[in-house]
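Worksheet: one structure, shown below.
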Amino acid sequence: MSQEVLGAARRLAGRGELSRASMAEIAREAGIARMTLYRRGETREAIVLALRQELAREERERLLPLLASAGNARDRLEQMIGAICQTTDDHADLLTGLDSATLDAIYHEEGDDALTRPEFVAPIVRLLRDGELDGSLRTFTDPEEAATVLYTQVSYTYLHLRREHRWPAERATRAVTEFALRGAVREGH
């Protein structure tokens, strides 16, 4: 996916126009001819895939170093929640401008009872398992499902508090982190 088309998709989403934009309008926003877009194979599905890959890469760059950082799993999970809030904040315009179908295609596995895609929650799953081993987090019968709930709780709640309640980033991060940890931490930690 060319950066010009990806940038155009981000701008259109930031204005809430991507879901209804035709490929010709996306090409125009990118400053290229519609036929160039088609010749390159830059379809709506390819744009959504590129957005997913970009968001997953940025989160991976923030979250993976926390897996190997010092401290128990509870401490690393707290840092990870803060990093998810930061990524959500960095992409708030994009995320609030995407329609539900596009958000589903980016974040959710296909089918009924879908979980969040592994590229977004794998670090959380790993920390939940580490926390069970070191005793700092409670045991979850289905860590993948728990990671989906935690990721969704953090990112959507944080975005809502920032956009709809107009809370400062620090306040929203603190509130979301405190609330999320209560559900994950083993008593006494």
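Read-outs throughout are calculated quantities, based only on the coordinates presented, and are distinct from any laboratory measurement. If you're wondering where the values come from, they're calculated on a predicted model, not measured in any experiment. A quick note on method: Cβ atoms are made from the backbone with ideal geometry, for glycine too, and the neighbour counts reach across all protein chains shown.
Only loop residues by DSSP count here, and only those with at most 13 other Cβ atoms within 10 Å; note down the trypsin sites (Lys or Arg not before Pro) in segment 85-189 that meet that.
On the way: sites: ARG126, ARG129, ARG138, ARG162, ARG163, ARG166, ARG171, ARG174, ARG182, ARG186; in loops: ARG138, ARG166, ARG186.
When the trypsin sites (Lys or Arg not before Pro) of segment 85-189 are filtered for loop state and at most 13 Cβ neighbours within 10 Å, ARG166 remain.
Most mobile of HIS165, HIS108, HIS91 per a Gaussian network model of the chain (Cα springs, under 10 Å)?
Among HIS165, HIS108, HIS91, the largest mean-square fluctuation in the Gaussian network model of the chain belongs to HIS165.
Please list, ordered by chain and number, the residues whose modelled amide H lies under 5 Å from the amide H of HIS108; skip anything fewer than 5 residues away on the same chain.
Residues meeting the amide H criterion: ARG117.
If you line up the long axis of helix 3-14 against the longest principal axis of the chain, both from Cα atoms, how many degrees apart are they, to the nearest 10?
70 degrees
What is the gain in length, in nm to one decimal, between ASP134 and HIS165 on full extension, counting 0.36 nm per residue of separation less the C-alpha to C-alpha distance?
Details: separation 31, 0.36 × 31 = 11.16 nm, distance 3.69 nm.
Gain on extension, ASP134 to HIS165, equals 7.5 nm.
When a/c reaches 1.5 or more, the comparison of a/b and b/c decides; with that in mind, is segment 52-184 rounded, prolate or oblate per its Cα gyration tensor? Write out the running numbers ahead of the final one.
Numbers: a/c = 1.67, a/b = 1.25, b/c = 1.33.
Verdict is oblate for segment 52-184.
Per 0.36 nm of contour for each residue apart, how much would the distance between THR141 and ALA92 grow if the chain were fully extended, relative to their Cα-Cα spacing?
14.4 nm
Assuming R0 = 35 Å, can you tell me the calculated FRET efficiency for the pair ARG182 and ASP99, based on Cβ-Cβ distance, to the nearest 0.05? Intermediate results must be reported in sequence, preceding the final value.
Details: r = 32 Å, r/R0 = 0.92.
With R0 = 35 Å, the Cβ-Cβ based efficiency is 0.60.
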